[in-house]
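Below you'll find the structure, written out as structure tokens, and then a few comments.
The values are calculated or read from the model by the stated rules, or taken from the named source; none is laboratory data. Please read these numbers as outputs of a predicted model, since none were measured by experiment. A quick note on method: Cβ atoms are made from the backbone with ideal geometry, for glycine too, and the neighbour counts reach across all protein chains shown. Side chains included, ligands, DNA and RNA excluded: accessible areas come from the protein's heavy atoms. Shrake-Rupley method; radii C 1.70, N 1.55, O 1.52, S 1.80 Å.
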Amino acid sequence: MNVKMLSSPRHCVSLLLAVFVSGCYGYSIRYDGYKVLRVDASNERHLRLMNQLQHDRELDFWKFPKDVMVPPEKLAGVVERLDSNGVAYDVMIADVQKLIDSQETQYIEGRHNLDLAGYDFTRYYNLSEIAQWVKDIAATYPSLATEVQVGLSYEGRELRALKVGSEQSESKEAIWFHGTLHSREWISPATVMFMTNQLLVDYSHDPDVQKYLDTYDFYILPVMNPDGYEYTWTDNRLWRKTRSPNEGSPCYGTDGNRNFEFMWGEPGASDDPCDNNYRGPFAHSEIEVKSVTDFILDTSEKQTFSLFIDFHCYGQMWITPWAYSIEEPLHYSEQHTCAGRAASAIESVHGTPYIYGNIISNADPASGLTLDWGYGTANIKHSYLVELRDRGEYGFLLPEDQIIPSGEETYAGLKAMLDCILEGQVV
Ligand SMILES: [Zn+2]
């Protein structure tokens, strides 16, 4: 969760030159020769070393303390420090740019406008395609889905959500889930879209889904950080933060998942705008965070929220509160039970193992997170952060052929979670 930004990624010399440089395409920021190392930091001494390495801004911890992306000119030095401290490591990704390029061809060839029938979940969609998809879904299922405007991003892009539910009950409870708070985590919007589509397709014939949509209004936002997501398609595939400028700093962006007001500013977030886990100048400084939290709090004056999920990648974890503390919250046993059921349902589909529970804070406490705000401020008992596939083989660069399996298994997890919540309400 604790990640540093890269301050000196490579730039293509120019777009013109890029045409002649194999694989450069539209990205101006490149990762030629960058490696991702998987480090076995198994004791206190190892952890101390990883903490020291974290201060080097040119190292990007994809997942602290074990997965770190290293630029070629830093590799010898990092390896030397690992070796001299007896820390074992493997090379997880040998050349990050080669992996990006191998996936990019398909992205570019596939970019065109589609009608709903054309969204087949075998590739990632860019922001304008996702915006069109939201419109198309609402047009295709007018009795079940409507488009909801949650707000605008810093650069003025719409936060386009869907409200999904039947009109069968007047006092329905509500559910919120979103993807893409961290923009490089492309499997998150794809999985959120897959599940949304599946709920609507299955409503006609699946009594369980009929029950969910008759009981709840689902508010679903596929892309919470549209500026960052657009930037990962145009300039830097590995951008994580928002794109708001920081006064007095050359570095852009705030980590949306350190910007929520619950325990904001406590340990587990950076106060340096150049860090990838920068908490922002104040809680809810990011308009995307402010818009979503305002929307949920305003809506909860009329409807009670039963579930909040923030979808990220990677790691295969269904995470329960708290992120900021190892203390177990009041409703831990219910949260832990339902997270466990979701995890087993996920594993039952394609055998993808998930761990679950209050597991952020054991390794790496983090403050100002979504799930702590959902539980601690918005009073949503079932408030979670889910880290989708994988466990590091591809990390943020998960191939497109994993979108459908990820969607299928996560959908099973969501249904198990809903069943668990509904059972709990009966008892
Ligand atoms: Zn994330």
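A few points about this structure:
- Pairs, first among the basic types (K, R) in the stretch 375-389, second open to solvent by 10 Å² or more (accessible area, probe 1.4 Å) and within 16 Å of the ligand (Cβ to nearest atom), C-beta under 7 Å, six or more apart: R389/Q316
- Residue count for the stretch 166-191 under the criterion of being surrounded by fewer than 24 Cβ atoms within 10 Å (Cβ to Cβ) and touching a Leu at 6+ places or on another chain (Cβ under 6 Å): the result is 2.
- Residue count, the stretch 280-294 (criterion: open to solvent by 20 Å² or more (accessible area, probe 1.4 Å), assigned to a loop (DSSP other than H, G, I, E, B) and more than 27 Å from N51 (Cα to Cα)): 2
- Those strands (runs of 3 or more DSSP E) lying entirely in the stretch 43-98 with at least 2 residues in contact with a strand residue (DSSP E or B) (Cβ under 9 Å, 6 or more places away or on another chain) and open to solvent by 20 Å² or more (accessible area, probe 1.4 Å): 88-93
- For the residues E288, E261, the requirement of being more than 15 Å from the ligand (Cβ to nearest atom) and more than 23 Å from F61 (Cα to Cα) singles out E261.
- M50 of a type outside the set (V, I, T) and at pLDDT 95 or above: no
- Look at (1) over 21 Å from D294 (Cβ atoms); (2) out of contact with any Lys or Arg (no Cβ under 8 Å at 6 or more places or on another chain) and you find that V192 fails only one, number (1).
- The stretch 198-238: number of residues that are more than 27 Å from E173 (Cα to Cα) and either among the hydroxyl-bearing types (S, T, Y) or not assigned by TED's automatic domain parsing to the domain that holds T140 (or both): 4
- For the stretch 311-364, filtering for residues that are under 21 Å from N379 (Cβ atoms), within 16 Å of the ligand (Cβ to nearest atom) and out of contact with any Ser or Thr (no Cβ under 8 Å at 6 or more places or on another chain) leaves 3.
- Filter pass, H331 being out of contact with any His (no Cβ under 9 Å at 6 or more places or on another chain), open to solvent by 10 Å² or more (accessible area, probe 1.4 Å) and modelled with pLDDT of 95 or more: no
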